[in-house]
Amino acid sequence: MDALSKSFPGREPQIAQLLAYFRAAPYPPAVYIRGGPSSGKCAIVSGLLGALRIRHALVDLVECYSSKVLFELVLNQLSGHRVDPAVGAPFAACDHLMDFVGQLGRIEDVDGSVVVLRHAEELRKLEANVLAGFLGLRQLTRVRVSVVLLSEVAFEKYYHKLNLSEPLKVHFPQYSMEQLLHILQLDFPHAEQLSAVQVDREFHRSYLSVFLPVFYRACRDLSELRHMSRKHFAQYCQPVLDQQLRAQDSLALWKRIAPIFNAATSVLYLRVSSKHPGQGLELPFYSKYLLIAAYLASYNSSTDDKRLFMKFHGKKRKTRHDIERKNKPSAHLNTQIGPKAFTLDRLLAIFYSILEDKVGFNNHLLIQVSSLVQLQLLSLASDECSLDERKYKCNVNFETIQTIARMVGFNVRKFLTDFSHM
Amino acid sequence: MGDETASVSKGIFVFKPKKKPQHTILDELFSENRWYQTYISLWTRLNQDFEDLTESMFTSMTSDLLNFVKTSHQNDVTEIPTAALLTGINMPDHDAQFASLKRQVKEDVSPYVAFLSSQDCGNVKSLMEIMISQFIGLSDDREEYEDDLVKNTLKKSSLNMSLLESWYQQTENELLVVIIPDFESFNAKVLQSFILIISSHLGKLPFVFIFGIATCISTLHTSFPYHVTMKINVHVFKCEPSIVYLNQVLEGIFLDIFCPFHLGGKVLDLFTEIFLFYDFSVQNFVQNIKFAMMEHFSHGNAMALCLMEKTAIKNVLADFNHEDCENVRHLLSFRNFVESEPYEQRIKLITDDEYFKQAVYDKVVAIQRYIKRLHVFLRCLHALVYDLPGSPLGKNLRELYTLALTKSITQSAEYRESFQLLEFQSKDALQEKLRRIADILAQFVNKGSSKTKLRDFCVEIDRLVRILQNTDVEESEKDEISLEEGLGAMVDRKALKQALFSRSKQKSKTQDKYEKLKQEILAYLSGQFEEYLVHPSTLPFYEIFFFDDISIKNHIIGIHRAAIHNALNDPHRYLQCKCCAISNKRTVKALMPDICIAYKLHLEWGKMINLYDWLMGFLCIVDPQEEDDLSDKSKKVVDPHVQARFTQAVAELEYLGFIKSSKRKTDHVIRLTWEG
Amino acid sequence: MPGDFEAIVKYLKEKVLYSDEVVGKEKEKKQVLNLLRRTVVDGESNSMLLIGPQGAETSKLVNSVLKELEGLKDYIIVELHGLLHTDDRLALKSITFQLNLDNAVDGKVFGSFAENLAFLLACLRTGGKESSKSVIFILQAFDLFCAHHNQTLLYNLFDISQSAQTPICVLGLTCRIDVIQLLEKRVKSRFSHRQMFLYAGSEETSDLDFALDRMAWYLELPPKCPVGITSKARDAWNLNVQELLKNKKFRAVTERMIGLELSEQILKNVLLKCLYSLTNTDQLLTVNQFEKELESLEKDEMVQVLQDLSALEICLIVAMQHHSDIYDNSPMNFEMVYTRYVKFAHKHSSMQNVQRPVVMKAFEHIEAIELIAMVNQQGSAKLQKEYQFFKLLVTPQQISEAIGKMQGLPTEIVQWWNSSLI
């Protein structure tokens, strides 16, 4: 237990609580553990059960696209059955909860086992009786199997049609900044490997104390923070390596690293490394115009088309509608509400009006519309099967369209009703 | 067959299909024709070269990628190593690329490769089953029939991760590679669940992903929520942009001295336009070239002469019969040729086949020579002008070709502009370019060959290079000497001023020398270009080698509405039957197909068409009867056959989308299309 | 003595979790027993519904009645559970198995459910046509059987109980008071309308006394010492329990718990948790433990969830709440919230450099832990993430509480939140 507490600092109360539950039989029939991402739920539970030598099955519900998979996985693990690759048979074929409960009884010495289910919120997507069944396993069978559910979602979201037995709840709160500092300091051996220069714990600690406040604002997820801290440690050490600064000049080091941190907060969670800088979308000429036309069709209402795209539309009288529109709050701007559907005819009409040198209407253009859909730049808003009155929506956001329009020398803002009064 | 299937009791016998060589309809129809044989041999060679080039290009591009995959699991990983290959939006080209990638991965990295396409993987269950069955080796694309009956007893429903894990323990720690060529077409939720599942098994199963992304890397981030992007560690790799690919294909295969078939300027322009404006697809470009080739060769046996070897031409000509000679005589350039000959020869050409064949042979050989020189000189010209500011003659060889084949390039404004710009070239640049030209020539010209003109040119270029080099050396020596001299005798300001002045004059002298040399070189080159880069239409029988029929545009860029309209309006165009030939578009003939009659009639109405009136019109045309009693018209009995034909025609028009039944008015239909 | 202590705790846990005894309810037990006796001995078919709150009191009652029934004439018990036998087909399979008639049914094809059931029951004829074994059907979670297609199983069972075929007794156990309404007309007419309501508590005693009585029943060790417990330890323990129950503070705490909700299930959970928290050092139950339990009952889970968020996510929540206030709870989308957030961020330097993709990730996290719910408008599945509409599921009070409890939150965010509460 001490080993467990040492490797998970800050979790002593939770470990103590779980230890109290599973120290001696009888175990609580259902335990629900809720905690933020990477707060140590699964690691602690499996560590604890392993240390106490309690037979347990650990199943991640994301893998279970049907309840059959779930049941068979649990039974395989509880019975220690190894799947023979040539035959592929599980311990027992289970299609329903009824089979599962029946088969549970057939496993030897299954009393006192624990079933641990990760991402338990996915249980709600399976049949309704699965969740109720696992929580109330005590009433369905004589066998004494406990269930531990791990999830990030509060238990009150689980109440649905069927009555559920209340499990015992354990809460894993997110680490506070001090706790995170302490935990990240444990990462020192790894960091030592990364940096080419000799560092000591104090140096690492000062690094962490400038690192954390910047990143803690946007993210409290331990594994992400750990990844980020490792990634930037080498850069932090760089000036020391180059002998430009000494290890004690923390202020100067901070000045060096601050812009890097600022840039890094914008790519949190995105683990991409590329030698090439991000490049935009390369489209053939007419596809660019089709996309721009699609964007205009999505974000303008069709009543404004005549005025925007036709040359001789006559003068427009100012109506109260226009004045209201000018004072529209930003929340009702079309660019905020989202793209609207438009028909193929409207798309082509706008396309032809914005294109300067006209091209005949041919099949290649239609193919380009389809391939834009395939590339997920447009999406079908109508039923896939009906060829009549096909409707599309534009999926591209404003910045991308601006870039593309600039490439062909087209002023998009001029044609958007949201901005046209400006 | 008999022995194998004879049995006392009833039984079922398995016969594996033997792979037969693929025979197409074209092969059966035309295989006797000589032009077809020429075409087929040329096309197979070109296609093979194209596939080889694609293969090698793609292989060299992906060496980085393969390295990454190989080394991805060397250290312990907490996230799935993922290679994102930015393939570009030319989707028709991707199939070949990914097939080659799959093969490469199988050979170099690991035998366990799963290839998942979005069509088969609509939900997580089928995706897992397909992937696992590919890893374990249950897929159907095995060529030999394995007697492994045991494997086939695995049910699809038992294909899950636990099976994979226990199977993996029997393998020797090879990587498990998953290739997804069409990332955007996948359902995002399915991919998310898939990634989450795989990442929880990452400890025991070393997976590596390769995603083919067509648009840009931000698609990856917008499709996945944060808890999924945390689980994959993405490295981005880029494919060559397809324009580079196209240039390589064209320069390496089609615009080459070994390819006798050439596209004319207009056609090349058309294809380039389709490429740049529509789809960026090299596969489509090559298919367009194939179509052009088919059009070209189907002109007749004259095109059998489209070859680059002299002896082959001789053989073909020897086999020509009178019809084939007539076929050649029908070429337009023949007329000009005839008119340029003196009178006696003219008659001979037209009547005497043997004489004609000899003349043809001479001219064709001349064209072959011209083509070779054309290629070489264009490449030299390209080496000269590719980096000029403003690129008047374009940056790629392809653009140069298009220009050369459209008009006489040396007369064009761009050419003049380029040469003007060349006058401002520095010595080093010019030297470099001349050296390049020398290298190009070395590739193509065999110094000991009998092609004297090219060899002379080659020699001349070498000489010029040497002269330039020498002036270089001389100048630098002279400069040094003069420097030393000048500085040594410095006494006072005036003397310094004079010394500098004299030195600059000297410099200008050397400059002048260089200028003169440059002018000489440029003049020489220009002269050579003018001589050899003439437009092919000046040569008789050039149509055998150059195809410039722009009317194929209608076939390549399809306009289906116009096509259907033409078909329905004028069936003679497609059916070529004498009974439907019409002189005026608006006439309707009774013998036309019913749907055409109905279509032509409906064109005369406005938005709403009364079915009864339409039927009457139809009746008038199809079954005109003498009207004895006008008042009886309303009581006319309609022949049920005719009515049936009419109803069917109307139904077909509705199916084609020209009319729609109206809900507001009974017995009326709404017309949906208008001409124009 | 540590051995004693362990044994006591173990015994009590077993009692709370798995005991089968029913306290009181003698009248009801007798009624049920009579009914069953009539079926088994006299061959009279009957049906009855037992309705009681969750907590397995009803099934415990039936089990104890069944125990008393043992030794009488031959009869068979068939137990079905609504959670397991979700389908008539599964129910039939289970019935066949429990009647040990698998061999008889093997290979036969039945036209309808009724035929199958009749066949099964006919098989139970022992010897002469007159006498056949009586069967007692116990249907747990009876209300779930009402959801089966056409209520075929129920119809047939009740039909048999009304007609003069095999003597069966159908006992339905449920916690829904309105279960009669769930029955179809034809099923209802065949039902004998015999219902028994098993309420917790009675009208004479107050809630508090009832709760205390229940606790006493669970926690006191019986006069006959269970194995491994010395009478000295037992007496000490019982004394402690009695003092606890008389303690004024304790009674106050219990009253407050009753005010929240103190059903049998929750009471058992509370007792369990207190028992689990006993360690070797504090071996006796104290009021503090119960106070802690009360606290956890009163705690609002959503506030805990909110406390675990990062500063960026709290900003988004505040922005969402402001939007709901201004626009009167109409649905909003990510774009609108993002615009509002950007306006805030521009004024305050500390949040300025977070870019759109990271804000998007924070938003996704909020969605994943279900603080917001997507509003399903037409075609919203095909809409991009940024434009899907949602509503906020936490109340301003919860947000206030969470913000108050969070440590290290930048003050500008707190001020921003407070600025709207005017």
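Every read-out reported here was derived from the displayed coordinates using simple, explicitly stated rules and does not represent laboratory data. Since this is a predicted model, take the numbers as computed values, not measurements. In this analysis, Cβ positions are derived from the backbone assuming ideal geometry, glycine residues included, and neighbour counts consider all displayed protein chains.
Quick notes on this one:
- Cα-derived Rg to Rh of region C:59-116, Kirkwood definition: 1.05
- Sorted on the mean count of surrounding Cβ atoms within 10 Å across their residues, most packed first, peptides C:214-221, C:254-261 read C:214-221, C:254-261.
- For B:Lys238, distant residues with modelled amide H under 5 Å away: B:Leu86
- Summing Lys and Arg as +1 and Asp and Glu as -1 over all other residues whose Cβ lies under 11 Å from the Cβ of B:Ile197 gives a net charge of -1.
- Against chain A, whose longest principal axis comes from its Cα atoms, helix A:363-374 is set at around 30 degrees.
- Of the trypsin sites (Lys or Arg not before Pro) found in region A:235-272, those in coil by DSSP whose Cβ has at most 16 other Cβ atoms within 10 Å are A:Arg246.
- Extent of chain B along its three principal axes (Cα atoms, max minus min coordinate, largest first): 124, 87, 67 Å.
- Here the relative contact order of chain A, from alpha carbon pairs under 8 Å that lie six or more residues apart, stands at 14 percent.
- Prolate/oblate/rounded label for region B:409-449 (Cα gyration tensor, a/c 1.5): oblate
- Over region C:272-318, the ratio between the Cα radius of gyration and 2.2 N^0.38 Å evaluates to 1.73.
- Max mean-square fluctuation residue, GNM over chain C, Cα-Cα springs under 10 Å, options C:Asp213, C:Asp178, C:Asp20: C:Asp178
- Of all DSSP beta bridges in chain B, antiparallel share, percent nearest 5: 20 percent
- Listed residue pairs exceeding 32 Å between alpha carbons, taken from A:Lys306/B:Lys395; A:Lys255/B:Lys204; A:Lys41/C:Lys93; C:Lys60/C:Lys224; A:Lys358/B:Lys102: A:Lys306/B:Lys395; A:Lys255/B:Lys204; A:Lys41/C:Lys93; A:Lys358/B:Lys102
- Out-of-range pairs (alpha-carbon distance over 22 Å; input B:Lys189/C:Lys361; C:Lys15/C:Lys268; C:Lys347/C:Lys405; B:Lys290/B:Lys553; A:Lys340/B:Lys238; C:Lys27/C:Lys273): C:Lys347/C:Lys405; A:Lys340/B:Lys238; C:Lys27/C:Lys273
- Links that overshoot a 19 Å alpha carbon limit, given the list A:Lys68/B:Lys156; C:Lys25/C:Lys67; A:Lys288/B:Lys266: A:Lys288/B:Lys266
- B:Ile467, B:Ile289 arranged by Cβ crowding within 10 Å, fewest neighbours leading: B:Ile467, B:Ile289
- Contact order normalised by residue count of chain B, Cα under 8 Å, 6+ apart, percent: 12 percent
- Angle in degrees between helix C:334-347 and the longest Cα principal axis of chain C, rounded to the nearest 10: 40 degrees
- For region A:38-144, the list of GluC sites (Glu not before Pro) that fall in a loop by DSSP and count at most 13 other C-beta atoms within 10 angstrom reads A:Glu108.
- Local net charge near A:Asp95, Cβ-Cβ under 13 Å (Lys/Arg +1, Asp/Glu -1): -1
- Computed E for B:Ala562/B:Ile582 - FRET, C-beta separation, R0 22 angstrom, nearest 0.05: 0.80
- Residues in region A:344-351 carry Karplus couplings, in order, of 4, 4, 5, 4, 5, 4, 5, 4 Hz; the curve used is 6.51 cos²θ - 1.76 cosθ + 1.60 with θ = phi - 60°, and Gly or Pro positions show x.
- Averaged over the residues of A:397-407, the number of partner chain Cβ atoms lying within 10 Å of the residue Cβ comes to 1.
- Here, region B:233-277 is characterised by an Rg to Rh ratio of 1.17, where Rg is the alpha-carbon radius of gyration and Rh the Kirkwood radius.
- Over chain C, the reciprocal of the mean inverse Cα-Cα separation, the Kirkwood hydrodynamic radius, stands at 26.8 Å.
- Debye equation applied to the C-alpha atoms of the protein assembly as shown, log10 I(q)/I(0) at 0.06 Å⁻¹: -0.89
- Three principal axis extents of region C:25-197 based on alpha-carbon atoms, in descending order, are 44, 37, 26 Å.
- Only beta bridges with both residues in the protein assembly as shown are counted; by DSSP, about 20 percent of them are antiparallel.
- DSSP bridge orientation in region C:25-197 - percent antiparallel, rounded to nearest 5: 5 percent
- For region C:303-418: span of alpha carbons on each principal axis (Å, largest first): 41, 29, 25
- Relative frequency of Cα-Cα separations exceeding 29 Å in chain A, percent: 66 percent
- For region B:536-676, the equivalent ellipsoid built from the Cα gyration tensor has semi-axes of 40, 19, 11 Å, listed from largest to smallest.
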